[in-house]
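Report on the following structure.
Each reported figure results from applying straightforward, stated rules to the coordinates on display, with no laboratory input. Because the structure is a prediction, the values reported are computed rather than measured. Here Cβ is always computed from backbone atoms with ideal geometry, including for glycine, and neighbour counts include all displayed protein chains.
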Amino acid sequence: MNIGALFAVIPLLAVVIGLSRVKFPRAPLIAAVLVAGAYGAATASIGIWAATCWDCRVEAGPRSDVLMVFAVLFGILTAGTLVGIWLGARMVTMLRRLMVTARELREIASDVESITFTDNPKRMVAEGYDRVAQAYTQWRERTAKQPITGYLDRVTEGLPHGARVLDLGCGSGAPYAAMLSERFDVIGVDISAGQLAFARDLAPRAAFIRADMASLPLRAGAFDAAYVLYSIIHVPKEEHEGILRSLHALLRPGARLLLVTGQQAWEGTEDDWLAPGVEMFWSHFDRETNERMVEEIGFRTLDARIEPDPLGGAHLFLVVEKPA
Ligand SMILES: C[S@@+](CC[C@H](N)C(=O)[O-])C[C@H]1O[C@@H](n2cnc3c(N)ncnc32)[C@H](O)[C@@H]1O
């Protein structure tokens, strides 16, 4: 075997596996097992032959020692090949994701980052989340992922790898945008630049846009699923219907939406939210109004439940579908 040719195969394999990894996430693992199996078997047979067959060794003379050395080198080469393929595949996947992300943004977004927040509640929310971004991110990473992951599974059920998923009011992207972007093209939208700075770090495979969810710079029919976790509750409730209507337009027929929103009507502010001096604003309808609104807009309700909130209180979890 020509060792030079073997080394030439490594980058080639890395590229093929890296490209196929988006559609077949287990490709590197399968390749590693196949390569390890083939090289391992070859190494082991040479080693066993040279170590156990005394007659062959006598016959082969000094050649047997050369073979023993060759077996060890072959083993080292096996390990090197695996590491090479693994690293190469990861690099190619990352490059591909960066290209996909840039293309996704060009395809789905218009007028990115051009929004100015003039009205007071939104400025209060954006600045508040900028200030608590780090504390919120740390808290979010510590809180239980259930029941949200269960609902997200329901919303993304049956979607192929690479399907486009919208995270509206994504915050720091931890942990859900980070998790889902392993399988899907996740686009996160948030009003807080501070939260998005964390999100870009914590969910490097997702794409993020700074925008007000009430005027989304996104194209109709662009998404296969969407989720809105505890974010619409920070927007004045008069705008909720418009936001849900634009979500309906953004989703393709048959797509599902998880909406986590208020279960009791309330509007108000807090002065020291999560940190001294941080003002925050909330506004939401009661359960009945929310449930009626999604149906009137044209969604079909699949599930509606009240779930306890890790910060106290409870929220309405609505799983709805845009009829096909
Ligand atoms: C409670 S956090 C939830 C973040 C994330 N969905 C999660 O579950 O961890 C609310 C998020 O909604 C964002 N948000 C509030 N008002 C918004 C608006 N008008 N447009 C976009 N994002 C908004 C905030 O910046 C914040 O990151």
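Below is a table of values for the structure above.
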item: Restricting the stretch 217-264 to trypsin sites (Lys or Arg not before Pro) in coil, as DSSP defines it, with at most 14 other Cβ within 10 Å; result: 219
item: Residue-span extension gain [residue 252 to residue 135] - 0.36 nm each, minus C-alpha spacing; result: 38.6 nm
item: Neighbour net charge for residue 198 - beta-carbon separation under 14 angstrom, K R +1, D E -1; result: -1
item: Distance from the stretch 196-275 to the stretch 130-148 (C-alpha centre basis), Å; result: 17
item: Exposure proxy ranking, count of Cβ atoms within 10 Å, fewest first, for 282, 86; result: 86, 282
item: Bins of 5 Å from zero: percent of alpha-carbon pairs in the stretch 115-321; result: 1, 8, 16, 21, 23, 18, 10, 2, 0, 0
item: FRET E, pair residue 144, residue 288, Förster distance 25 Å, beta-carbon r, rounded to 0.05; result: 0.35
